[in-house]
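Worksheet: one structure, shown below.
The values are calculated or read from the model by the stated rules, or taken from the named source; none is laboratory data. What you are looking at is a predicted structure, and each value in this text was computed from that prediction instead of being measured. Cβ placement follows ideal geometry from the backbone for every residue including glycine, while neighbour counts extend to all protein chains displayed. Heavy atoms of the whole protein, side chains included, go into the accessibility calculation; ligands, DNA and RNA do not. Shrake-Rupley method; radii C 1.70, N 1.55, O 1.52, S 1.80 Å.
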Amino acid sequence: MSHPAFVANNLAVVTGAASGIGLAAARHFASLGMRVVLTDLAGEKLERAAAEVAAAAPGRAQHIVAIPADVSRIEGLEALERGVSQRFGDVHVLMNNAGIQPGSAILGPLAAWEATLGVNLWGVINGSRVFASRMIAHGKPAVIINTGSKQGITTPPGDPAYNVSKAGVKVFTEALEHELRNTAGSQVHAHLLIPGFVYTGLTAGGRTEKPAGAWTSEQTVDFMMESLARGDFYILCPDNDVRRATDERRILWAAGDIVENRPPLSRWHPKYADAFKAFLEKARD
């Protein structure tokens, strides 16, 4: 049984919809007979994505539209919400998926930090806050899906701005779901999508073919839909290289840095390399 928000004629709004997971999600929603608003930066890429999604909704192309918006600017999201509400009515699915990863360093350029936090974190915060009130008010089953990352949980070294942004998405989405489930009359729930290794423009790194270890965006969306149907809040996706059991051990080790009073990021500390390897081996038992 699918989640009740995903039915024909219901409305979905997807940010970061011009490519990757966002485009795959928009295409899947359209295949269910839903009306879909694709949002991304203005340009041919967004228009092509909308045409592709419309092609996945035979006879319903008029219900698929592209509306450009810069999610890092709250004025853009407020204008998007007003436009969607006036033109289409109630929103049943909001997927705050827009994300960038320009790369960063602790003492590197501030612009990379501002851009990453602006899109990845403030895009989620602003999108959720701007859309949530009307979604609660219409009184029908609805979902807010925020795209996080395993890097926001295990926080590997190498790209601190991205890790901070996705850690913030996790914490915000947890607080959002707590708020929604304790709001009288609300039938809206929040969910945290935690992709595995997915072959998208963000992760391609110049590669033109999908690595064997990666999932496609479509596989990720299929897993997301199955998880939503079960009512999962944490949608922790595996991939072709990493099983859920391995992810769980990595997450537990990261949390254990505090409990065991180890150095931060001890998984990558030479003193703890053997201990982490032994801990991880338990995932294979």
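Looking across region 17-52 at every residue that is of a type outside the set (A, V, I, L, M, F, W, C), surrounded by 24 or more Cβ atoms within 10 Å (Cβ to Cβ) and in contact with an Asp or Glu (Cβ under 9 Å, 6 or more places away or on another chain), the one that is nearest to A98 (Cα to Cα) is identified as G22. Among the residues of region 114-122, none qualifies, meaning not one is aliphatic (A, V, I, L, M), in contact with a strand residue (DSSP E or B) (Cβ under 6 Å, 6 or more places away or on another chain) and buried (at least 18 other Cβ atoms within 10 Å of the Cβ).
Could you go through region 118-141 and let me know if any residue there is under 12 Å from the mean Cα position of the chain (by Cα), outside any helix (DSSP H, G or I) and on the phi < 0 side of the Ramachandran plot. Scanning region 118-141, I find no residue that is under 12 Å from the mean Cα position of the chain (by Cα), outside any helix (DSSP H, G or I) and on the phi < 0 side of the Ramachandran plot, so the answer is no.
Taking K210 as the residue in question, decide whether it is basic (K, R) and closer than 17 Å to T15 by Cα.
Details: basic (K, R): yes; closer than 17 Å to T15 by Cα: no.
When the stated conditions are applied, K210 does not pass them.
The residue of region 97-113 that is most open to solvent (accessible area, probe 1.4 Å), among those that are in a loop (DSSP other than H, G, I, E, B) and farther than 16 Å from T155 by Cα, is L107. Can you find a residue in region 178-195 that is out of contact with any Pro (no Cβ under 7 Å at 6 or more places or on another chain), in a loop (DSSP other than H, G, I, E, B) and crowded, with 21+ Cβ neighbours inside 10 Å? Within region 178-195, one or more residues are out of contact with any Pro (no Cβ under 7 Å at 6 or more places or on another chain), in a loop (DSSP other than H, G, I, E, B) and crowded, with 21+ Cβ neighbours inside 10 Å. Determine the pairs where a residue that is at positive phi, located within region 259-285, has a partner that is at pLDDT 95 or above and open to solvent by 50 Å² or more (accessible area, probe 1.4 Å) with Cβ atoms under 7 Å apart, the partner being 6 or more residues away or on another chain. Every condition considered, the pairs that remain are L265/P157.
Among the residues of region 142-158, those that are open to solvent by 20 Å² or more (accessible area, probe 1.4 Å), in contact (Cβ under 8 Å) with a residue 12 or more places away in the chain and part of a loop (DSSP other than H, G, I, E, B) comprise K150, T155, P156, P157. The set of residues from region 1-49 being part of a strand (DSSP E or B), farther than 20 Å from I194 by Cβ and of a type outside the set (A, V, I, L, M, F, W, C) comprises R35, T39.
Just name the residue that is least open to solvent (accessible area, probe 1.4 Å) out of those in region 227-285 that are of a type in the set (D, E), in a helix (DSSP H, G or I) and more than 24 Å from A167 (Cα to Cα).
Kept after step one, since they are of a type in the set (D, E), are these residues of region 227-285: 232, 239, 241, 247-248, 257, 260, 274, 281, 285.
This time we only want the ones that are in a helix (DSSP H, G or I), so: 247-248, 257, 274, 281.
Next, only the ones that are more than 24 Å from A167 (Cα to Cα) stay: 274, 281.
On the way: D274: 125, E281: 80 Å².
Result: E281.
If I ask for residues that are closer than 28 Å to A115 by Cα and open to solvent by 50 Å² or more (accessible area, probe 1.4 Å), which ones from region 53-78 would you list? Within region 53-78, P68, D70, R73, I74, E75, E78 qualify.
Taking region 92-119 as the region of interest, how many residues are in contact with an Asp or Glu (Cβ under 8 Å, 6 or more places away or on another chain) and closer than 27 Å to V221 by Cβ? Break it down stepwise before answering.
Residues of region 92-119 that are in contact with an Asp or Glu (Cβ under 8 Å, 6 or more places away or on another chain), as a first pass: 98, 101, 103-104.
Narrowing further to those that are closer than 27 Å to V221 by Cβ: 98, 101, 103.
Adding up the residues that qualify gives 3.
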